[in-house]
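Single-structure report; data block below.
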Amino acid sequence: MFRRSECVILTYLCWAAMVAATLPVRPPVRPLTLVLNLTIVACYALLAYADALRRGRFLGIVRDWFPFPLLLLAYREMGWFALPRHAHPLEARWVVWDQVVLRGGAHAAIELLGPFVPSLLEIAYSLVYVLGPFSVALLYLYGRRDQVDRFLFPFSLGVLLCYAQFPFWPSEPPRTLFPGEDLPSYATIFRRFNLAMLSGYGIHTSVFPSAHTAGAFSAAFAMWGALAEHRWVSRFLLVTAVLIATATVYGRYHYLADAVAGVTMALVARSVARAISRLRT
């Protein structure tokens, strides 16, 4: 009855409810998370059941797009679980690796042509929010709606594998914890946009692994299989993912360790998706 991507999302929602029940979170968070997530699980079950009965186009389209607001909700919920912290041992270790890379030539190489490459990186970073809907829209455009779940499964899994780990790797982004260190030399309009987005909608539970990086690479890997006859899509997404991963470190949104872990989560999601596909054939 449930699609593979829906099983991933529903499992995560149940897991988040259990985390809320066990972590020493603020008093309103526990009942809110439990009630909200279990209500969504029940509504999802009704939606899948109704779609199985009617097999109508409308309910199927709703199921194609419903994962995206739920992924946003999953991200926001991780922010609810943030606990007070007074020490930052993880970040102190990670920032040393960043300094070696950035001060060893990466920072200068990126800014060699002035603001051009930094602007390109910031533009790519801002696109991470639309890569999922963009991919599904292209599947519709090319008449491959039957491949939507094949895309959504590894994409959702890659992103949610990151969110699921946030409570266990409490950390702050380098731009806030180490202000003024190794920041970009160019405060372009695109960087100001990204900083405004993170200021208004970002969370401060954890930055490890980088869900931005995982989502971007998961989208590229997923479209390689879901839309194999139009390789330009997966190639475009892969280039964008590389730019996003670079931007996370250069822009001090994440540590290098976060980006590497994000790519790893995308590879894990891809491997799981391929293994399940082989079992079904």
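The values are calculated or read from the model by the stated rules, or taken from the named source; none is laboratory data. Here the structure is a predicted model, which is why all the values come from computation and not from measurement. Every residue, glycine as well, gets a Cβ built from its backbone with ideal geometry; the counts of neighbours run over all protein chains shown.
Some values worked out for this structure:
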| read-out | value |
| --- | --- |
| Which listed residue, of C14, C7, is under 21 Å from L59 (Cα atoms) and either part of a helix (DSSP H, G or I) or out of contact with any helix residue (DSSP H, G or I) (no Cβ under 8 Å at 6 or more places or on another chain) (or both) | C7 |
| Complete set of residues in region 195-226 that are assigned to a helix (DSSP H, G or I) and not hydrophobic (A, V, I, L, M, F, W, C) | S199, G200, Y201, H212, T213, G215, S218, G225 |
| Scope region 244-281; condition closer than 30 Å to R175 by Cα, buried (at least 20 other Cβ atoms within 10 Å of the Cβ) and of a type in the set (A, V, I, L, M); matching residues | I244, A245, A247, V249, L256, A257, A259, A261, V263, M265, A266, A269 |
| Some residue of region 134-147 being touching a Ser or Thr at 6+ places or on another chain (Cβ under 8 Å), in a helix (DSSP H, G or I) and not aromatic (F, W, Y) | no |
| Residue tally, condition free of Cβ contacts under 8 Å to residues at least 60 places away in the same chain and over 30 Å from E77 (Cβ atoms), over region 161-188 | 2 |
| In region 37-84, residue nearest to M1 (Cα to Cα) [restricted to those that are out of contact with any helix residue (DSSP H, G or I) (no Cβ under 7 Å at 6 or more places or on another chain) and not in a helix (DSSP H, G or I)] | R55 |
| Residues located in region 235-267, provided they are farther than 20 Å from E91 by Cα and either among the hydroxyl-bearing types (S, T, Y) or in contact with a Lys or Arg (Cβ under 7 Å, 6 or more places away or on another chain) (or both) | T240 |
| Hey, G180 at pLDDT 95 or above and either surrounded by fewer than 16 Cβ atoms within 10 Å (Cβ to Cβ) or of a type outside the set (V, I, T) (or both) or not | no |
| Of all residues in region 136-158 being among the hydroxyl-bearing types (S, T, Y) and surrounded by fewer than 18 Cβ atoms within 10 Å (Cβ to Cβ), the one that is nearest to the chain's Cα centre (by Cα) | Y140 |
| Verdict on L59 being modelled with pLDDT of 95 or more and in contact with a Leu (Cβ under 7 Å, 6 or more places away or on another chain) | no |
| Top-ranked residue of region 19-33 - restricted to ones that are modelled with pLDDT under 90, among the aliphatic types (A, V, I, L, M) and in a helix (DSSP H, G or I), ranked as nearest to F168 (Cα to Cα) | V19 |
| Test: residue in region 103-122 that is part of a helix (DSSP H, G or I), free of Cβ contacts under 8 Å to residues at least 60 places away in the same chain and of a type outside the set (A, V, I, L, M, F, W, C) | yes |
| Residue ID - nearest to the chain's Cα centre (by Cα), chosen from residues in region 188-241 that are aromatic (F, W, Y) and within 20 Å of S5 (Cβ to Cβ) | F217 |
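A quick yes/no check of all residues on (1) surrounded by fewer than 17 Cβ atoms within 10 Å (Cβ to Cβ); (2) at positive phi:
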residue: L73; (1), (2): yes, no
residue: V101; (1), (2): yes, no
residue: A108; (1), (2): yes, no
residue: G114; (1), (2): yes, yes
residue: I123; (1), (2): no, no
